[in-house]
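Report on the structure given below.
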Amino acid sequence: VTLSNSDPLVGKDAFSQRKWDDRSIAVVKTSLLSRTIDDRDRARLLAAQEHHSGDWLHAPPITSVGLRLSDECIRIAVGLRLGSTLCEPHTCPCGTLVDARGTHGLSCRKSAGRHLQRHSLLNDIIWRSMGRAKIQSSKEPLGLARDDGKRPDGVSLIPWTLRKCVAWEVTVHNTFALLHVQSSAAFAGSAAAKAAALKREKYSGLEATHVFIPVAMETTGVLDKEALDFISDLGKRLSAATGDPRECAY
């Protein structure tokens with residue numbers, strides 16, 4: 001009651017620890033948001049509150065399936081969510097002045113390994129999960145190219161739903177990029193939502209023959225709803241194929 005500055009709970013709610021905790025947590029959230037000093041701080045806090053943005057904390061650290069994070073990865077991941085100092089201020093090779101929070105590197109076009117770490121590995125996880133779920137698929141399939149030669153990241157070779165195969169395209173956007181930070185400070189997941197809309201428009205020609213899924217994600221771990229539904233569905237199919245209910249967590 002003291003922490004939430006409200007009247008005591010009554011009835012069945014008075015015997016639920018979660019109900020008591022929720023009221024106190026809501027007060028803390030409001031207090032933190034009211035003390036933010038800029039859009040990046042607010043975007044960071046809103047993203048941290050989103051469902052599944054912190055799922056990486058619950059992943060079992062199993063090296064054999066690629067779930068063990070190095071100390072440096074954990075330092076950066078936690079630091080981004082806490083708004084901590086991650087590096088010394090310096091000038092990026094692209095000419096941009098980087099502050100101590102170091103978020104510029106998440107979207108800099110000259111950032112080494114950015115495409116491999118964020119895009120290719122995520123796409124590889126989906127492709128391998130498809131195979132484990134007994135759904136044959138192909139990366140960057142031939143025959144589905146647009147007029148400009150661009151192809152989706154992958155496509156199933158057997159129907160996914162509605163007698164159509166599924167085609168997907170992975171895209172990851174930086175929550176704190178100048179292009180997104182203002183909208184991210186107003187609504188968590190806005191960068192992922194915009195990215196998904198752009199991908200859907202880009203591959204609109206596929207919708208007549210395929211179920212197209214834009215797997216849009218943000219650097220803070222926020223997933224677009226359509227991507228989350230797709231991953232959840234894939235996780236259920238994995239569990240059905242292997243008999244392990246923990247497949248989606250892996």
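Here is a list of conditions, (1) open to solvent by less than 10 Å² (accessible area, probe 1.4 Å); (2) under 25 Å from TRP56 (Cα atoms); (3) part of a loop (DSSP other than H, G, I, E, B); (4) not polar (S, T, N, Q), and GLY235 meets all of them except one; can you say which number that is?
With respect to (1) open to solvent by less than 10 Å² (accessible area, probe 1.4 Å); (2) under 25 Å from TRP56 (Cα atoms); (3) part of a loop (DSSP other than H, G, I, E, B); (4) not polar (S, T, N, Q), GLY235 is out only on (3).
Any residue that is in contact with a Leu (Cβ under 9 Å, 6 or more places away or on another chain) and surrounded by 20 or more Cβ atoms within 10 Å (Cβ to Cβ) - is there at least one of those in segment 175-183?
Within segment 175-183 (the criterion being in contact with a Leu (Cβ under 9 Å, 6 or more places away or on another chain) and surrounded by 20 or more Cβ atoms within 10 Å (Cβ to Cβ)), the answer is yes, since at least one residue qualifies.
Might you check whether a residue that is on the phi < 0 side of the Ramachandran plot, of a type in the set (Gly, Ala, Ser), over 11 Å from the mean Cα position of the chain (by Cα) and in a helix (DSSP H, G or I) occurs anywhere in segment 206-226? Break it down stepwise before answering.
First pass over segment 206-226, keeping only residues on the phi < 0 side of the Ramachandran plot: 206-220, 222-226.
With of a type in the set (Gly, Ala, Ser) added as a condition, the list becomes 208, 216.
Cutting the leftovers down to over 11 Å from the mean Cα position of the chain (by Cα) gives us 208.
Now restrict to residues that are in a helix (DSSP H, G or I): none.
No, the conditions are met nowhere in segment 206-226.
Kindly indicate the residue of segment 29-82 that is in a loop (DSSP other than H, G, I, E, B) and of a type in the set (Ser, Thr, Tyr) and also surrounded by the most Cβ atoms within 10 Å (Cβ to Cβ) among those meeting that condition. Full working, then the answer.
Residues of segment 29-82 that are in a loop (DSSP other than H, G, I, E, B), as a first pass: 35-38, 50-54, 58-62, 66-70.
Filter once more, keeping what is of a type in the set (Ser, Thr, Tyr): 36, 53, 70.
Details: THR36: 16, SER53: 21, SER70: 8.
Per the criteria, the residue is SER53.
Of the conditions (1) touching a residue at least 40 places away in the same chain (Cβ under 8 Å); (2) open to solvent by 60 Å² or more (accessible area, probe 1.4 Å); (3) among the basic types (Lys, Arg); (4) not in a helix (DSSP H, G or I), ARG101 satisfies every one except a single condition; which number is it?
Every listed condition holds for ARG101 apart from (2).
The values are calculated or read from the model by the stated rules, or taken from the named source; none is laboratory data. Just so it is clear, the model here is predicted, and its values are computed rather than measured. We place every Cβ from the backbone using ideal geometry, glycine too, and count neighbours over all the protein chains shown. These area figures cover heavy atoms from the full protein model, side chains too; ligands, DNA and RNA do not enter into them. Shrake-Rupley method; radii C 1.70, N 1.55, O 1.52, S 1.80 Å.
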